[in-house]
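Participant: First, the structure itself, so that you have it in front of you.
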Amino acid sequence: MLGNLSEKFENALRHLSGKSEISENNVREAMDDVRTALLEADVHYEVADSFCEQVLEQATGEKVLKAVEPGQQMIKIVNDELIRLLGGDEALAAANEQGDGYVPGQASAGSELLFVSPGPTVIMMCGLQGSGKTTTCGKLAGHFKKRGKKVMLCAADLQRPAAVTQLQVLADQVDREVEGPAGAGVSFYGEPEKCAEYGKAVGVAVEVCKNALKQAKQDGVDVLILDTAGRLHINDDLMGELRRVNAALSPHNILLVIDAMTGQDAVNSAKAFNDQLELDGVVLTKFDSDTRGGAALTVRQVTGKPIKYIGTGEHMDAIEPFHPARIAGRILGMGDIVSLVEKAQEQVSEEEAAALQEKMAQGKMTMDDFLSQLKKLRKMGSMKSILGMMPGIGKALKDLPIEEKQIDQTEAIIQSMTRAERNDVDLLDNSRRRRIAKGAGQDAKAVSQLVKGFEMVSVMGQQMSGMGMLGRMKSMAGMGSAEMAAMAQGAAQPGRLKGSSKQSQKNKRKFKQRRGKRR
Amino acid sequence: MGLFRSTVGKLVSGLRKTREGTGVAITTILSGKPLSKQLLRDLEKAMIQADIGIKTAIELRKDIEAGWERGEIDNGDQALEMLKEQLAAYFPAEDRSLRMAEPGSGPTVILVCGINGAGKTTSIAKICKSLRDEGKSVLLGACDTFRAAAVEQLEVWSGRLGVEVVKGQQGGDPAAVAFDATQAAIARKVDILILDTAGRLHTQSHLMDQLAKIRRVVQKQLPDAPHEVLLVIDATTGQNGVNQAREFAQSTDVTGIFLSKLDGSARGGIVIAIRELLNLPVKFIGVGETPDDVEPFEPGRFVEAMFEA
């Protein structure tokens, strides 16, 4: 996500951060590069210009030129401006309160939506055709259901063929698949008989929405989400329909759904929707593409409204609250540890984690544990997206061919082992290795490589378990990005791990000594 | 905090200009004025705002600047004319009609692909309508087995346009649907088979592999097929459009672009960047929601529209 923009920034800022003295000319040059980076990332022309002007103004002051580490100071200014651009003064204040502002991911989560009690809280979704409104409706319904809400999805798109059916299918699917506390659920309201060809059902949506609200009140629904038809911001008739829905229902939240790959035109559509509907927030979709995501900056600037959520995949749980400081950190190539930890927490419960930690500390981690970790890791997303969140790793990772298939192969190898072998890798002599290789459809070398990798991971686990969470993070951060990348590649391709088993023996000894000392 | 407040104020006033300024046509800025550095910068800005891309925009601006220095042009109108000529030159005269199968070799297969929400299904309805109007028999293949109600969406169109659809199981293998559809097209001796595929982000390699598989399956039955692989690109797409085109071209040998949603305020300049890097022709433009809202791509008019209000 946003990887390309990060890289551009890194290039622009690298030659600054290395210099002990910075002249005004250096800064100007770097800002020219930053401006180009922003434009290539689809940030609107004027937004990019005013951003650079502001950074320049601050950066050419005495404060930076005479600072001990001017490069760092400069990066901080750029980062602060980015956070402000993405999340407003509050986000920046939050980021600064909790540290020195450019530690990634330490800002508080962006505020979620306004809820009213008694319900229903009405949310109206709007946007251009194909921006992802219907999918986002389904995702939001699941998001709220998880948090104990009773949600109703209303199909107010009577224009696009089968849009009503699509929403109904999604409502059913989310209600079935997403777990929520008792009382939470997702229902559907639609009047498919009112659908008509394009342009012939304009205005009908107003009635449908009114009826949905009536039904929602009757059913004691907490959140009513209106899925309106995609429309061009320059189509007066259809924009009029939205204004009428707005007047009739006074939704508590009006969210604009925008494709993160949108170019310069984001300015026009966001402005038009905001002018006519007074938006409350924005949802950026398709954020899992390789877009540089400049539209995020543009839309935030031109509407002044917060980005509430980002869509990160096709599955119904692929929606996240928007965190300005994290995205700014990511743009600057500083990683996003907080999102990573959150993703991990979604997959592993605290008890599970504690149990595994205990096992690791005692050196009792088995291949089964390794396999289940691997599977959980995969659920968190692609290897690249996970590693991309690690500080400093984005750049090093760029050229590494990380093949998801290799994880499949690793799984196949472990699954070809007997239970006894999985519990004790020392059993694995050459004959067993050959058998396993045959079972997994690979050569014996691959098995040996996996075993080596496993040994290294378990030794590392032992070492790390002595530290607290913070220590662990620090020890990771202490690694050079090359080491990190090597580790990353190792995870996907066990054979390329640097640590030989001799090394791991040495590590084991070191570890024992260390433990001894502590006692 | 005083510093913060003043800079924010400036940003807001800068944006006010954005808000009011975007509707102003570059023609009115340039018209009747002597050429200056400032006008050239405005020209570059107009290009960037059309999503042409900053590198191309700078190059083109420099070309015009060179022409100015050589004394070939000296006012805004001439500069704009020169720019339009250069842009139109990206799309030389070429055959932009659909590639058809050799007579007697079976149906023509058109594979339609693109990212989620690009406008594939609507674009298919448009192509289908214009082929029907030419008197061709058309069959549709609903290979989007993933998205909820995608098949139903295509079916609604097929009902309105009076063509048949071959479909499969929801969640089934799209390549299997492509196989069935191709078989059906051969057996029913239709002129044209149009395959609708699921929207996929070009970054998801397994989905791109799936698309390549659909292509292979079709090719196995009809060696020359698919005769046309159309990539649908949303005119509002920014620089990411180049990545899209590159990845899709790599996995399915795209033969042409359908530039959709050109009826909004977006200029669709991304096709110029795509043309420059991948040499892909634009074949059609989509200009509305009804099946009639399709036009063959015409470079002169496209470039003209790029700088209109």
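Participant: I'd like the mean, over residues of A:41-54, of how many other protein chain beta carbons sit within 10 Å of each residue's own Cβ.
Facilitator: On the way: counts 3, 9, 1, 6, 9, 11, 4, 2, 4, 9, 2, 0, 4, 6.
The mean count of partner-chain Cβ atoms within 10 Å per residue comes to 5.
Participant: Now, a different point. Using a cut-off of 12 Å between beta-carbons, work out the net charge of the residues near A:Ala260 (Lys and Arg +1, Asp and Glu -1, A:Ala260 not included). Write down the numbers at each step before the final one.
Facilitator: Details: positive: A:Lys286, A:Arg292; negative: A:Asp42, A:Asp259, A:Asp288, A:Asp290.
Every neighbour counted, the sum reads -2.
Participant: Now, a different point. With the solvent-accessible surface defined on protein heavy atoms using a 1.4 Å probe, which residues belonging to segment B:241-267 display a reduction of at least 20 Å² in accessible area in the multichain context relative to the isolated chain?
Facilitator: Buried-area filter returns B:Asn243, B:Lys261, B:Asp263, B:Gly264, B:Ser265.
Participant: Using Cα centres only, tell me the gap between segment A:180-242 and segment B:160-222 in whole Å.
Facilitator: Taking the Cα centre of each part, segment A:180-242 and segment B:160-222 sit 33 Å apart.
Participant: A further question follows. Heavy-atom accessible area per residue, segment A:121-321, 1.4 Å probe: how many Å²?
Facilitator: Details: 6290 Å² over 201 residues.
Per-residue value: 31 Å².
Participant: Pop out the carbon and sulfur fraction of the accessible area of chain B as a percent, whole number, probe 1.4 Å.
Facilitator: Numbers: 6440 of 12730 Å².
Its accessible area is 51 percent carbon and sulfur atoms.
Participant: Could I ask something else about it? When the convex hull of the C-alpha atoms of segment A:121-321 is computed, what volume per residue in Å³ does it have?
Facilitator: Values: hull volume 20.3 nm³, N = 201.
Convex hull volume per residue, Cα atoms: 101 Å³.
Participant: Sorting B:Asp209, B:Asp42, A:Asp426 by accessible area (1.4 Å probe), largest first, what list results? Spell out each step's value before the answer.
Facilitator: Details: B:Asp209 85, B:Asp42 30, A:Asp426 125 Å².
So the residues, ranked largest to smallest area, are A:Asp426, B:Asp209, B:Asp42.
Participant: Gaussian network model of chain B, Cα springs within a sub-10 Å range: biggest mean-square fluctuation belongs to which of B:Ile48, B:Ile285, B:Ile29?
Facilitator: In this elastic network of chain B, the residue with the biggest mean-square fluctuation among B:Ile48, B:Ile285, B:Ile29 is B:Ile29.
Participant: A further question on this structure: Tell me which aspartates and glutamates have Cα within less than 14 Å of A:Lys452's Cα, excluding those fewer than 8 residues away on the same chain?
Facilitator: Within the straight-line limit of under 14 Å, A:Lys452 reaches these aspartates and glutamates: A:Asp424, A:Asp426, A:Asp429.
Participant: According to a simple spin-label model (label point 7 Å from Cα along Cα-to-Cβ), what is the distance in nm between B:Lys213 and A:Arg432?
Facilitator: About 3.6 nm, to one decimal.
Participant: In deg cm²/dmol and to the nearest 500, what is the mean residue ellipticity at 222 nm of chain B if only DSSP H runs of at least 4 residues count, each as -39500 (n - 2.57), divided by the residue total?
Facilitator: Numbers: 12 runs with 154 residues, N = 309.
After summing the helix terms and dividing by residue count, I get -15500 deg cm²/dmol.
Participant: Let me ask another. Search the structure for amide H atoms under 5 Å from the amide H of B:Val229, placed 1.01 Å from N in the peptide plane, and list their residues when 5 or more places away or on another chain.
Facilitator: Result for B:Val229 returns B:Leu111, B:Thr255, B:Gly256.
Participant: When you count, for each residue, the other Cβ atoms within 10 Å and take the mean per peptide, how do A:133-141, A:279-287, B:292-300 rank with the highest first?
Facilitator: Details: A:133-141: 27.7, A:279-287: 24.7, B:292-300: 16.4.
For the peptides A:133-141, A:279-287, B:292-300, the packing ranking is A:133-141, A:279-287, B:292-300.
Participant: Enter the mean number of other protein chain beta carbons within 10 Å of the beta carbon of each residue in A:157-164, as an integer. Could you put the intermediate results ahead of the total?
Facilitator: Values: counts 0, 0, 1, 6, 13, 11, 4, 2.
The shielding value for this peptide is 5.
Participant: Still on this structure: Heavy-atom accessible area of B:Arg215 with all protein chains present, probe 1.4 Å, nearest 10 Å²?
Facilitator: Near enough 40 Å² of accessible area.
Participant: Which whole-Hz couplings ³J(HN,Hα) result when phi for each residue of segment B:49-57 is put into the Karplus expression 6.51 cos²θ - 1.76 cosθ + 1.60, θ = phi - 60°, listed in order with x for Gly and Pro?
Facilitator: Values per residue, Gly and Pro as x: 5, 8, 6, 5, x, 5, 5, 4, 4 Hz.
Participant: Could you report the accessible area of A:Tyr45 in Å², rounded to 10, computed with a 1.4 Å probe on the protein chains as they sit in the structure?
Facilitator: Accessible surface of A:Tyr45 is approximately 20 Å².
Participant: Also: Running a GNM on chain B with Cα contacts under 10 Å, which residue among B:Glu44, B:Glu155, B:Glu81 ends up with the highest mean-square fluctuation?
Facilitator: B:Glu81
Participant: Exceeding 27 Å between C-alpha atoms, which entries from my cross-link table qualify? They are A:Lys139/A:Lys214; A:Lys438/B:Lys220; A:Lys149/A:Lys271; A:Lys286/A:Lys376; B:Lys120/B:Lys189; B:Lys136/B:Lys283. Walk me through the numbers before you get to the answer.
Facilitator: Working: A:Lys139/A:Lys214 23 Å; A:Lys438/B:Lys220 33 Å; A:Lys149/A:Lys271 32 Å; A:Lys286/A:Lys376 23 Å; B:Lys120/B:Lys189 25 Å; B:Lys136/B:Lys283 19 Å.
Over 27 Å apart, Cα to Cα: A:Lys438/B:Lys220; A:Lys149/A:Lys271.
Participant: Return the subset of A:Lys145/A:Lys308; A:Lys133/B:Lys129; A:Lys146/A:Lys405 for which the Cα-Cα distance in this structure is over 29 Å, preserving the input order. The partial results should precede the final answer.
Facilitator: Details: A:Lys145/A:Lys308 17 Å; A:Lys133/B:Lys129 27 Å; A:Lys146/A:Lys405 32 Å.
Correct reply: A:Lys146/A:Lys405.
Participant: Still on this model: To the nearest 10 degrees, how steeply does helix B:240-252 sit against the main Cα axis of chain B, on a 0 to 90 scale?
Facilitator: Rounded to the nearest ten degrees, it is 30.
Participant: OK, next. Using a simple spin-label model with points 7 Å from Cα along the Cα→Cβ vector, what separation in nm is obtained for A:Lys217 and B:Glu276?
Facilitator: 5.8
Participant: Using a 1.4 Å probe on protein heavy atoms only, how many Å² of accessible area do B and A hide from each other, summed over both chains and rounded to 100? Don't skip to the end; give the middle numbers.
Facilitator: Working: alone 15090 and 24420 Å², together 34830 Å².
Result for this pair: about 4700 Å² buried.
Participant: Within 10 Å of each Cβ in peptide A:266-273, how many partner chain Cβ atoms are there on average? Round it to a whole number, please. Write out the running numbers ahead of the final one.
Facilitator: Working: counts 3, 7, 9, 4, 0, 6, 2, 0.
Mean number of neighbouring Cβ atoms from other chains: 4.
Participant: Name the long-range amide H neighbours of B:Val282: under 5 Å, sequence gap of 5 or more, or other chain; modelled H, no Pro or chain starts.
Facilitator: Placed amide hydrogens put B:Ile257 under 5 Å from B:Val282.
The values are calculated or read from the model by the stated rules, or taken from the named source; none is laboratory data. Every value quoted in this text rests on a predicted model; they were computed, and no experiment measured them. Cβ atoms come from the backbone with ideal geometry, glycine included; neighbour counts cover every protein chain shown. Side chains are part of the model used for accessible areas, which takes the heavy atoms of the whole protein and leaves out ligands, DNA and RNA. Shrake-Rupley method; radii C 1.70, N 1.55, O 1.52, S 1.80 Å.
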